[in-house]
Amino acid sequence: CDAPVRHLDHIHRDADGGRTELDNGRGVCEFHNHVREQPGWHVARAPDGTVVTRTPTGHTYRGPD
């Protein structure tokens, strides 16, 4: 997404026990911060440090952070 960063997001959601710390954070646009709260979305940090987002349709996207 090319939208500017508007929200700081927990990669492992706070509601699921994710800690508020640098390694669990990322900057995202407002839309993507809210959409990932919908059922079926999953965001995690891979062992290589990239952030992996899986959509409800099963599509997977890898980001640098």
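The values are calculated or read from the model by the stated rules, or taken from the named source; none is laboratory data. It should be emphasised that the depicted structure is a prediction, and the values quoted were computed from it without experimental measurement. SASA here: full protein model, heavy atoms, side chains in, ligands and nucleic acids out. Shrake-Rupley method; radii C 1.70, N 1.55, O 1.52, S 1.80 Å.
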Which of (1) open to solvent by less than 30 Å² (accessible area, probe 1.4 Å); (2) at pLDDT below 90; (3) not acidic (Asp, Glu) does ALA15 not meet, given it meets every other one?
(1)
For the stretch 29-60, which residues satisfy the criterion of being outside any loop (DSSP other than H, G, I, E, B), open to solvent by 80 Å² or more (accessible area, probe 1.4 Å) and either of a type in the set (A, V, I, L, M, F, W, C) or under 19 Å from ARG19 (Cα atoms) (or both)?
PHE31, HIS34, HIS42, ARG45
Go through the residues of the stretch 13-25 one by one and say whether even a single one is assigned to a helix (DSSP H, G or I) and among the polar types (S, T, N, Q).
yes
